[in-house]
Each structure stands twice: as structure tokens, then as C-alpha cells.
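The values are calculated or read from the model by the stated rules, or taken from the named source; none is laboratory data. Everything numeric in this text was worked out from a predicted model, so none of it was measured. Quick reminder, even Gly has a Cβ in these numbers, built from the backbone with ideal geometry, and neighbours come from all protein chains shown.
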Amino acid sequence: MFFDFDRKPSDSEDKWKSSFSSFEELKKHLGDVFGSAGSKLGFVFPAGNVEEKEAEGDNAKEKEFAEFIKKIKGFNMKPREIRDFLDRFVIKQSEAKKVLSVAICDHYNHVRRCLLDEESSQIEYNKQNVLLLGPTGVGKTYLIKNIAKLIGVPFVKVDATKFSETGYVGNDVDDMIRDLIKAANGNVKLAQYGIVFIDEIDKIAMSSSFEGRDISGRGVQINLLKLMEESEVNAYAQSDMISQLRVAMSFASGGMEQKQSINTKHILFIASGAFDRLVDIVKTRVGNKSIGFNFKLSPNDKDEAYEYLKKVSTTDFIKYGFEPEFIGRLPVRVACEALNAEDLKNILVSSEGSILKQYVEDFAGYKIKFNADDGALTEIAKLAADEKTGARGLLTILEKLLRDSKFELPSTNIKSIRVTKNFMADPAKALSNLMGKESRPKTMTPAANGVKKTTKKTKKT
């Protein structure tokens, strides 16, 4: 868009300007014109009494923040309590649960001290940002989601691969903080005590052995380490014209002053990645030497990878392709175990977030009772383990197994379905038998049909 500042305004423009005696009238007019269309773009020009609506929104945010601060000031959870809560949702990963529970308690105890005593915030404190290592589908993200839900703080998950050094191609790393603000319903004050979970962190490593890696990986690391320590981030991106205009209009109308930046000092960062090639680096470092006392490798490849990842050092991460300063901002590191068939069955049976419960609810939506016997659950877990995608394999197997049943049964009068080993052997045949049995007309006696029974008389000769 180009502007000619030397051009004289036309008569129509002068007439349009003179129709608005104040900024408030202009804003109200914009609200009337763009109200419905703007909402589709994520920008709502409030019509009517703008100041009252803005004040209501500001008061709601202040009330929400006050309640949150009260909760954090009273934070007194113990690591064991957090671990016990996580046990309800995540199977296995006992070491990861323990490490995360301690890190969470230490972090929010420090936040509590800073809120209660301003001098505590001036004392040097090293944040216990966490790095989770392990294969996909073992519950890394699920652990952090449930922790955030328990503590009651804003939470956002981001993928490290979508960021670039400059933000021209891909996203700027500051955008993850803005995503956290969105997760806090736009409450900047609340977002500054949230949790950012960065997945696929291993994909931004720089190493000559990794062909095709974008050279901006080092720049992303440098920018990230600033955020993970303490940094002031603009709450609204310069490219986000809608947010910038909303703030400008609020300020110009004399509304509450909008917080323009967010400090990352009290934001906890947790990163995760599979780190497949890291196992080989650790193996090379240790050679044939034993790693600690009574160290034995399992013949199972997955278990072997876990045992090596437990012994990873900072030098291994540097060799993998991380900057020393960056990996130093993730001082708490813990490896997650791969899940075997027995673990996957326990997820189906014991986890409060079991995918099996989702299927029960899906069928219940059509008033169909769904259940599976123990033998079928064992077989499902074995097949899911072969997928090598952790707990995600359970959804893959169940979807294939029950795809036709979820399509056909809602249109029948069938009110229950039970998955057995025989059902799993041939789902199509089992479904056909179930539908044929239920749809077969019942045999009825003539009396039941309302037909009178007649007896044939024989003529006497």
C-alpha cells in the first residue's frame, strides 16, 4: 500500500472525516461495519459501549490472575504427590515421573517465594529446565500435559522443527511464548508462569554427520537459550497487525494499559526428542568398558538403547550437534523407557486416559455397549507392540479392528458388541455373524401371530 502525502483529500474523503467527531465514534463505526466479518479473521471490533466491554474483559483477566496468584502462593505439593497423580495416567516411566515431580516442585516453590518476598526474586536462581529422551509414544507429552493440568498453569506444546533463526522462513522462536499467551486466553500476566513443551528438539541439532540439516539450526539454539534463561518477549508480533491495532485502539480510547511484553524468567521449559543416533555416540564413548557398577545390557535392543541413554553426558550432546550454552540450559535430563506388550496392555486396562475408554464412549454415543475380554486385550497389545510406535500403536490396531463395526452397527438394532480372540481372528466374519444373528426374524407361533389354529375334520362315510 502506497500513500501520496502531497495529494489533497477529495470532497468525499473530507465528508467522511467530518462525520466522526471523536475517535470513539470512529471505532464504533468500524465495529458496526466489520463486526461480523472481522470475527471470522480473529479480529472483533466491538460495537456499542466499547469502553465497558474492554473494562469487563480486563476485570475478568485480573480476577483470573488474582485467583492464580493466590493458588501459587499457597503451593505446597510434594514430589511424591505429583508422582502418584501421574501414575493414574502414564504407565511405566518411574524415573521420568520422579525427576519431573522434583523439578516441578522446585520451580513453583521458587515462584511462590518470589511472589511472597520480592527480595527472593533478586537472588540468582538456575531454572531446572528438563530434557526428556526416549522413543515416540512412551508418554513424554502426556506427562507434561497432566502436570500442567494438576498445577493449573497455562501449557503449550510446540514443534522445534517449525522454527528458524530469523523467522522469515518458518516461525520465530518468540512465537512459542505468544502461543503460551493464547493458551492463557490472552492473559499475559498469567502466561508468564506457564510451561512450554518443545518437542522434536533433537531435530535442530547441528552435526556434519547429519546430511541435509538446515544451517539455521545453530541460530535457533542460540535464540532458544535466551528464552530459557530470562528474556523480554514482545507479547504481540510486529507482523500481527490485528493484535497491534487492537492494542493501539484500546490505548487511544483511554482503556487499561496493555502489557506489551512478557518476561520468561518464571516460564518452565521442557524439551523432548527421540535422539536415535545419540545411542551410538554413547556406545563409542564407553567402548567395552562397563558403565558404572553392576551394569548389564539387555539382549533387547530397546532396553539397550534405554540403558545407554541413561548414561548420556553433556559431551555426548555436544558431539550430537548442540551448542554447549544451549544444552547447559537443560540441566535436568532423564531417559524414558520403551513400552513392551505388557505395558501396552496395562495402558488399556489401568490408565485413566486409556484409548479403550474412548471406544467405549464412542459406541455409547449410539447406545451400544462395548467391551473386550482379557484374551483380546492381550492380542491387541501384542499387535500394537509390533507397530513400534508406543501407545500410539494401540489406536492403530483398534481402528483397523473396529472400523467396520463403528460404521455398520449404529444403523442396526444391535445394542452390544464384545471383542474376543475369535473376533480378532476375522473381524469381518465376526461382524457378519453378529449382524446376521440379530437381524434374523424370530420364529413365532401361529397364536403369537394372531392366527387361529384350525383343526381339519374328517368326514365319516
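Can you run down the residue pairs with Cβ atoms below 6 Å, 6 or more apart or on separate chains, where the first is in the stretch 112-136 and more than 14 Å from Arg333 (Cβ to Cβ) and the partner is in a helix (DSSP H, G or I) and hydrophobic (A, V, I, L, M, F, W, C)?
From the stretch 112-136, the pairs are Arg112/Ile72; Ser120/Cys114; Ser121/Cys114.
Could you tell me whether any residue of the stretch 111-125 is part of a loop (DSSP other than H, G, I, E, B), out of contact with any strand residue (DSSP E or B) (no Cβ under 9 Å at 6 or more places or on another chain), surrounded by 14 or more Cβ atoms within 10 Å (Cβ to Cβ) and modelled with pLDDT under 90?
yes
Look at the stretch 330-347 and say how many of its residues are in a helix (DSSP H, G or I), more than 14 Å from Gln93 (Cβ to Cβ) and in contact with a Lys or Arg (Cβ under 9 Å, 6 or more places away or on another chain).
Looking only at that region, the number is 2.
Can you find a residue in the stretch 62-76 that is within 30 Å of Ala274 (Cβ to Cβ) and either surrounded by 21 or more Cβ atoms within 10 Å (Cβ to Cβ) or aliphatic (A, V, I, L, M) (or both)?
no
Only one of these conditions is not met by Asn263: (1) more than 30 Å from Lys311 (Cα to Cα); (2) surrounded by fewer than 18 Cβ atoms within 10 Å (Cβ to Cβ); (3) in contact with an Asp or Glu (Cβ under 9 Å, 6 or more places away or on another chain); (4) at pLDDT below 90. Which number is it?
Among (1) more than 30 Å from Lys311 (Cα to Cα); (2) surrounded by fewer than 18 Cβ atoms within 10 Å (Cβ to Cβ); (3) in contact with an Asp or Glu (Cβ under 9 Å, 6 or more places away or on another chain); (4) at pLDDT below 90, the lone unmet condition for Asn263 is (4).
Here's a check for you: in the stretch 379-432, which residue that is touching a Leu at 6+ places or on another chain (Cβ under 7 Å) and of a type in the set (Asp, Glu) is nearest to Ala341 (Cα to Cα)?
Asp404
For Val153, work out the one condition from (1) at pLDDT 90 or above; (2) assigned to a loop (DSSP other than H, G, I, E, B); (3) over 30 Å from Lys63 (Cα atoms) it doesn't fulfil.
(3)
List the residue pairs whose Cβ atoms are under 8 Å apart, where the first residue sits in the stretch 55-71 and is assigned by TED's automatic domain parsing to the domain that holds Cys114, the second is modelled with pLDDT under 75 and of a type in the set (Gly, Ala, Ser), and the two are 6 or more positions apart or on different chains.
The qualifying pairs do not exist here.
Which residue is farthest from Gly152 (Cα to Cα), if the candidates are limited to the stretch 74-110 and must be of a type in the set (Phe, Trp, Tyr) and in a helix (DSSP H, G or I)? Show your work before the answer.
Here is the first cut: in the stretch 74-110, the ones of a type in the set (Phe, Trp, Tyr) are 75, 85, 89, 108.
Restricting the remaining residues to those that are in a helix (DSSP H, G or I) gives 85, 108.
Working: Phe85: 14, Tyr108: 11 Å.
Here the residue is Phe85.
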